[in-house]
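Right, one structure below, let's go through it.
Each reported figure results from applying straightforward, stated rules to the coordinates on display, with no laboratory input. The shown structure was predicted, so the numbers you read here are calculated from the model rather than taken from an experiment. Neighbour counts are summed over all protein chains in view; Cβ atoms, including those assigned to glycine, are modelled from backbone coordinates with ideal geometry.
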Amino acid sequence: MGVRPARGEPGDRQVTVFEKVFGGAPEGVWAAPGRVNLIGEHTDYNDGFVMPFALPHTTVATVARRDDGLLRLHSADMPGGIVELRLDELTPGRDDGWASYPAGVVWALREAGYLLTGADIHYESTVPTGAGLSSSAALEVVTALALDDLHELGLERPAMALLCQRAENVYVGAPTGIMDQTASACCTAGHALFVDTRDGSQRQVPFDLAAEGMRLLVVDTRVKHAHSDGSYAERRAGCEAGAAALGVPALRDIPYDGLAAALDRLRAGGQDETILGLVRHIVTENHRVEQVIELLDAGRTRDIGAVLTAGHVSLRDDFRISCAELDLVVDTANSSGALGARMTGGGFGGSAIVLADTDAAEKITEAVVSAFAAAGHREPRVFTAVPSAGARRL
Ligand code: GAF
């Protein structure tokens, strides 16, 4: 199993660090990416449609198995040195900080009946944390993939994503959907990944903006809202309440042309405007995913810009998870010549995406940076997102 990356190849440096940290040789090096979501926000826990793509930014895990029931975790990006845990003491609700995510994956694998005997793992990541770009999913998926490979568990990628989601939902306690883990595990370079989260079916949709003279900018506002976890859970509970009031298993079951009637029923049943807004967002957002796919299939990539901006307005006004900084990115980008823009990910801060003609990208970036300075916000981090490969061995 032990194949060391060649000198100077990706993973080689991490092997050297592993040897220093753990005092022995690793068996391999794996990488899993963060993601941006092109369209389909908060639809995943409503059995709906999503369309993320993988970033070139990855979390890299350098791993060796152990046979003494110990899990030893080390991160180049986190203070505190090695976190040492006993496999038989892993229990949901245990708080080991960042280490809870990989520990949760090991717990979920063992819960699913896979025999693991321990591991030493060193992590390094280029996925920005707290930026809504799925650094947690990258950490989970790279752990699952490495252990799957080393133990020859034979997990299919969608099943791997589900185990990672279970780690996050049950072990860490964050009630997130399946999008981020699926993106990290299943995306391919040059494509966005359409997923129907009800039956898990997937389609790789070609998405090569550079070839069409466009770019997708990611603007990390560097805002991380303190109450994001509670607010996410609140939105999820509100969506479930809306579905229950309408007598359907999930909001996915309300078709776009049935939205007006559904809203009337909710009003007649005394539901408040908050629930109506959540329902309106989910139903229109699923429709927007379908519109984006149709446009991409028809070669009308420029036209998805307007759909992205409509998605932002819906997240801002109906789902109410935007913030001043995200709105400023979208408004400034659009008034500076962008084709469209929206917040991406869980919301309450994090990142926005901007679709732009290549020759307008610099001017738009400058306008956003100046607008942030004028408003007294921290300088945002802006980069071009190139649809990249999903999780892999290096
Ligand atoms: C977060 C969650 F982890 C995803 O499951 C998804 O719900 C997303 O927010 C919003 O679309 O990234």
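Modelled spin-label separation between Ala244 and Arg393, with each label point placed 7 Å from Cα along the Cα-to-Cβ direction: 4.7 nm.
Along segment 113-127 the Karplus relation, 6.51 cos²θ - 1.76 cosθ + 1.60 evaluated at θ = phi - 60°, assigns HN-Hα couplings of x, 7, 8, 10, 10, x, 6, 10, 9, 10, 10, 9, 9, 10, 7 Hz to successive residues, with x for each Gly and Pro.
Rounded to the nearest 0.05, the FRET efficiency derived from the C-beta distance between Tyr114 and Ala189 at R0 = 30 Å is 0.55. Label sites at Val17 and Glu89, each approximated as a point 7 angstrom past Cα along Cα to Cβ, lie 2.6 nm apart.
For the chain, a crude dipole built from +1 on the beta carbon of Lys and Arg and -1 on the beta carbon of Asp and Glu, taken about the Cα centre, is about 340 debye to the nearest 20.
Just going by the charge dipole of segment 207-384, with Lys and Arg at +1 and Asp and Glu at -1 on Cβ, which of Ala371, Leu295, Gly213 is farthest out on the positive end? Positive-most Cα among the choices belongs to Ala371. For segment 239-300, trypsin sites (Lys or Arg not before Pro) are listed when DSSP marks them as loop and at most 13 other Cβ atoms sit within 10 Å of their Cβ; the list is Arg300.
Residues whose amide H lies under 5 Å from that of Val36, counting only those 5 or more places away or on a different chain, are Phe53, Leu55; hydrogens are built 1.01 Å from N in the peptide plane. Highest mean packing comes first when the peptides 207-214, 342-349, 118-125 are listed by Cβ atoms within 10 Å, giving 342-349, 118-125, 207-214.
Of all DSSP bridge pairs formed entirely within the chain, close to 90 percent run antiparallel. Using the alpha carbons alone, the radius of gyration of segment 42-119 stands to its Kirkwood radius in an Rg to Rh ratio of 1.04.
Placing unit charges on the Cβ atoms of the charged side chains and taking the dipole of the chain about its Cα centre, the candidate lying farthest along the positive direction among Ala103, Ala167, Pro79 is Pro79.
So what is the 222 nm mean residue ellipticity for the chain from helices alone, if each DSSP H run of at least 4 adds -39500 (n - 2.57) and you divide by all residues, rounding to the nearest 500 deg cm²/dmol? Working shown, then result.
Numbers: 11 runs with 152 residues, N = 394.
The helix-only estimate for the chain comes to -12500 deg cm²/dmol at 222 nm.
Rounded to the nearest Hz, the phi-derived 3J(HN,Hα) couplings of segment 14-27 under the Karplus curve 6.51 cos²θ - 1.76 cosθ + 1.60 (θ = phi - 60°) are 5, 4, 4, 5, 3, 4, 5, 6, 9, x, x, 8, x, 9, where x marks glycine and proline. If I fit a long axis through the Cα atoms of helix 361-375 and take the longest principal axis of the Cα atoms of the chain, what angle between them do I get, 0 to 90°, rounded to 10? Tilt relative to the chain: about 80 degrees. Ranking Ala244, Leu355, Leu115 by Cα position along the charge dipole of the chain, where only Lys, Arg, Asp and Glu carry charges on their C-beta atoms, puts Leu355 farthest toward the positive end.
Rounded to the nearest 20 Debye, what is the dipole magnitude of segment 12-204 about its Cα centre when Lys and Arg each give +1 and Asp and Glu each give -1 at the C-beta? Provide the component values of the computation, followed by the final result.
On the way: 13 positive and 26 negative charges, 46 e Å.
Computed charge dipole of segment 12-204: roughly 220 debye.
Think of each Lys and Arg Cβ as +1 and each Asp and Glu Cβ as -1; about the Cα centre, that makes the dipole of segment 237-394 roughly 420 debye.
Per-residue Karplus couplings for segment 39-46, computed as 6.51 cos²θ - 1.76 cosθ + 1.60 with θ equal to phi - 60°, are listed in order as 6, x, 9, 6, 8, 5, 8, 10 Hz, Gly and Pro entered as x.
Expressed in nm to one decimal, what extension gain is obtained for the pair Ala76 and Glu234 from 0.36 nm per residue of sequence separation less their Cα-Cα distance?
Details: separation 158, 0.36 × 158 = 56.88 nm, distance 3.38 nm.
Taking Ala76 through Glu234 to full extension adds about 53.5 nm, to one decimal.
In this structure the amide hydrogen of Val223, modeled in the peptide plane, comes within under 5 Å of the amide hydrogens of Gly350, none closer than 5 places in sequence on its chain. Restriction of the trypsin sites (Lys or Arg not before Pro) in segment 1-89 to DSSP coil positions whose beta-carbon has at most 12 other beta-carbons within 10 angstrom yields Arg7. Amide H contacts of Ala119 (H built 1.01 Å from N, in plane; Pro and chain starts excluded): Arg66, Leu70, Leu71, Arg72 sit under 5 Å, all sequence-distant by 5 or more or on other chains. Seen against the Cα atoms of the chain and their longest principal axis, helix 135-150 is set at about 40 degrees. Relative to the longest principal axis of the Cα atoms of the chain, helix 324-335 runs at roughly 60 degrees.
Remark: relative contact order (segment 207-384) = 32 percent; criterion is Cα-Cα distance under 8 angstrom and separation of 6 or more residues.
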